[in-house]
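The values are calculated or read from the model by the stated rules, or taken from the named source; none is laboratory data. What you see is a predicted model; the values in this text were computed from it and never measured. Neighbour counts run over all protein chains shown; Cβ positions are idealised from the backbone, glycine included.
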Amino acid sequence: MTLERVMVDTWAWLALNDEDDADHELAELTHQELLDRSYVLVTTNFILDETYTLLRRRVSARQAIQFGQDIQRAAESGALELITIGPEIEAEARHIFETLDVFQGGQANCQRIGNE
């Protein structure tokens, strides 16, 4: 049986971990639904770096550290797949970003596409 996967970006992690975020409740409900259905969450080192920084700035250093510990446990348990964006994927993402006129996302979104 192949497990379903879902990409989690910075804004979803922030909403889930910042109780003052306008989408916090929706993020919690969505997160629980994904866990209940045994989805594997997928994210990248670039997304996590951005999330740690923004959590530290918007919430607290303690919350950013706790988030990092939660991410580590999730990765170790198999509930989270962490994709490391290295030079090869980054170059491919930059190429996609620079050549696709119709693409509306940023380079981080291209990295996800380049990794698929």
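At-a-glance table
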read-out: Among (1) modelled with pLDDT under 95; (2) surrounded by 15 or more Cβ atoms within 10 Å (Cβ to Cβ); (3) within 16 Å of the chain's Cα centre (by Cα) - the single one Phe97 does not satisfy; value: (3)
read-out: Considering residues of region 35-54 that are of a type in the set (A, V, I, L, M) and outside any strand (DSSP E or B) only, the residue farthest from the chain's Cα centre (by Cα); value: Leu35
read-out: Residues satisfying the stated conditions in region 1-34, i.e. surrounded by fewer than 13 Cβ atoms within 10 Å (Cβ to Cβ) and either of a type in the set (Val, Ile, Thr) or assigned to a helix (DSSP H, G or I) (or both); value: Thr2, Glu25, Leu29, Gln32, Glu33
read-out: Residue that is farthest from Asp70 (Cα to Cα) [pool: residues in region 13-43 that are touching a strand residue (DSSP E or B) at 6+ places or on another chain (Cβ under 9 Å) and not hydroxyl-bearing (Ser, Thr, Tyr)]; value: Leu34
read-out: Pairs, first of a type in the set (Ser, Thr, Tyr) in region 81-94, second assigned to a helix (DSSP H, G or I), C-beta under 6 Å, six or more apart; value: Thr84/Asn45
read-out: Test for Ile89: is it modelled with pLDDT under 95, in a helix (DSSP H, G or I), among the aliphatic types (A, V, I, L, M) and closer than 23 Å to Leu3 by Cβ; value: yes
read-out: Residues located in region 55-65, provided they are among the hydrophobic types (A, V, I, L, M, F, W, C) and in a helix (DSSP H, G or I); value: Leu55, Ala61, Ala64, Ile65
